[in-house]
Amino acid sequence: MKKVLIVGSGLGALTTALRLHRRGYRVEMVEKYHQAGGRLNQLKKDGFTWDLGPTFFSMTYEFQEFFEDAQLKEMPFTFRELDTLYAVSFRGFDKRYFIYKDLDKLAAEFEAVEPNFKEKMTRFLASAGSFFHDVEHLVLKKNYDSIWDYLLTLMRVPPKYTPRLFRSVWQEMERHFESREVKEIFSLVAFFLGATPFDTPSIYTLLSYTELVHDGYHNVFGGMYKIVEGLKKEIDKAGIPIHFNTEIVAYQEDGNKKVKGFVDQNGKTWEADLFVVNADAALFRHKIFRREKFTEEKMDKMKWTLAPLTIYIGLDTKLENVPLHNYFLGNNFEEYAGKIFKNSIKLDQPYYYVNVVSKSDPEAAPAGSESLFILCPVPDRRFKPNWDDKEQVAANIIDDLSQRIGIDLKKHIVSQTVLSPIEWEESFNLYKGSGLGLGHNLTQIGGFRPKNFDEVYKNVFYVGASTVPGTGLPMAVISSKLVVERITKAYGSVHK
């Protein structure tokens, strides 16, 4: 029985472990953090609970495919579809826009600013949906052995979609809508990818289709970390050990284009027949293998996603008029998006997302209280290396939110934790704090993304956000499927 060592325990790692176990491999895992999940993690403090990172997702059927493939008896967590996806507020305006999956309810929200909204949105979603279904299996869920393999696959995509490759999300919005409000709100999908609508290819407007038509948005009963807890139970049942507080810092090779073992911070060597790396695929090549293509100079020139500044707040009061998911925007969208990446705009009035955790899961806060999660996308540490001002930036956000919801939050805060890009980088080995890994511009997707197999060592593979197909929870699950296809093609499979 061949042994696999998996480095990391994010969603990509956990699903890969169970897929390989089902195929007869002996699996062992090592993890730098003190608990499983990677960025899909959890914070508990002062009687409150927060999901550390993701709070909702789409494409739930990818989880169903995984359960069937791993032959799990039952789904160890329960999805909950969101009817009201999120609310959006603009600074200086009282109107709050609610985004519904129901197109008639959605149209009513925008009738005052966008004439014929339903007709325009129907046309926009039909276009995005057509593209999604034409490329999902052909391009998205596919391994690429080389850039040429990828380019040949793209040649099979209907030519009518070619212009999408050269338009941005914002330009696609301008083709369909007129009002600032509609264009800004429905281009927020680019921020879900850790980028802005002005530098994200319009192909990613397919995310609007997945959220509004195809599968919608979901969260999980009891919090998103239930996904990790459920998979961890299956990992334990399978007898797969996970060693926490174990960081890989070096490697040993056997002289035959194979890695013999990875070395942790205590000098222990973890040997196996093959290795799957769930750490950032580019960073691991840089930090551990020290590849010429991944020097710091070259890494800095790559396009990385925005970094997270996150605030976890416990309140001793309820927020009756604040829904579950919220985006708070300013009134300088284009200027802000153009300057936030390179830290050329002040963070005194930032754009941010708010999740009132306890609206969905009351057990996340004591009775009469509320758990609040705030995410503010900020420059990564290439552009803002020092975060001594993190508490001040957090205070600015809390003050702004207080004004906009009409409650002085500072009077009700009983627990507060602020994580800057530095803490995110240190906890999860994120390159210079980049929250979602490599960006999704045309030269960093598909066959241009760091491969899920190593260029030098034939027994090393990669899974997760910075390899194919990209970032996001369903993408991590697809990534596990793709890497297992590679492994079984190279090493075979002994089905249980």
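Just so it is clear, none of the values below were taken in a lab; they were calculated from the coordinates. Small disclaimer: the values here were computed from a predicted structure and weren't measured. Backbone-built Cβ (ideal geometry, glycine too); neighbour counts: all protein chains shown.
See the values below:
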read-out: At R0 = 60 Å, FRET efficiency that the Cβ-Cβ distance of Lys160 and Ala367 yields, to 0.05; value: 0.60
read-out: Other-chain or far-sequence residues with amide H under 5 Å of Ser434's (modelled H); value: Arg381
read-out: Trypsin sites (Lys or Arg not before Pro) lying in DSSP loop within the stretch 152-249, provided at most 16 other Cβ fall within 10 Å; value: Arg156, Arg167
read-out: Shape parameters for the stretch 174-307, alpha-carbon atoms, Rg then Dmax in Å; value: 21.1, 62
read-out: Chymotrypsin sites (Phe, Trp or Tyr not before Pro), loop per DSSP, at most 12 other Cβ atoms within 10 Å - longest free stretch of the chain; value: 222-496
read-out: Hits among lysines - C-alpha to C-alpha of Lys260 under 22 Å, sequence gap 8 or more where chains match; value: Lys2, Lys3, Lys32, Lys268, Lys287, Lys451, Lys458, Lys489
read-out: Integer Hz, Karplus 6.51/-1.76/1.60 couplings in order for the stretch 138-152, x for Gly and Pro; value: 5, 10, 5, 9, 9, 7, 10, 7, 7, 4, 5, 4, 5, 5, 5
read-out: Euclidean distance of C-alpha centroids, the stretch 188-253 and the stretch 127-163, integer Å; value: 22
read-out: Residue-averaged 222 nm ellipticity for the chain, from DSSP H runs of 4+ at -39500 (n - 2.57), nearest 500; value: -9500 deg cm²/dmol
read-out: 21 Å Cα-Cα reach of Lys411 towards lysines, excluding residues that sit fewer than 8 places from it in its own chain; value: Lys45, Lys318, Lys359, Lys390
read-out: Cβ charges +1 (Lys, Arg) and -1 (Asp, Glu), total dipole of the stretch 121-211, debye; value: 240
read-out: Net charge over other residues, Cβ less than 12 angstrom from the Cβ of Glu455 (K, R count +1; D, E count -1); value: +3
read-out: Viscosity 1.306 mPa s, temperature 10 °C, Stokes-Einstein D of the chain from Kirkwood C-alpha radius, µm²/s; value: 68
read-out: Which of Phe131, Thr417, Pro241, positive extreme of dipole for the chain (C-beta unit charges); value: Pro241
read-out: GluC sites (Glu not before Pro) within the stretch 74-128, DSSP loop, no more than 13 other Cβ atoms inside 10 Å; value: Glu74, Glu111
read-out: Neighbourhood charge, 13 Å Cβ-Cβ cut-off, centred on Lys303 and excluding it, Lys, Arg +1 and Asp, Glu -1; value: +3
read-out: Normalised contact order of the chain, rounded percent, pairs of Cα under 8 Å and 6 or more residues apart; value: 24
read-out: Whole-Hz couplings from phi, Karplus 6.51/-1.76/1.60, listed for the stretch 51-56; x for Gly and Pro; value: 6, 6, x, x, 10, 7
read-out: P(r), alpha carbons of the stretch 152-198 - 10 Å bins starting at zero, rounded %; value: 25, 43, 28, 5
read-out: q = 0.11 Å⁻¹: log10 I(q)/I(0) that the Debye formula gives for the stretch 121-211, counting C-alpha atoms only; value: -0.32
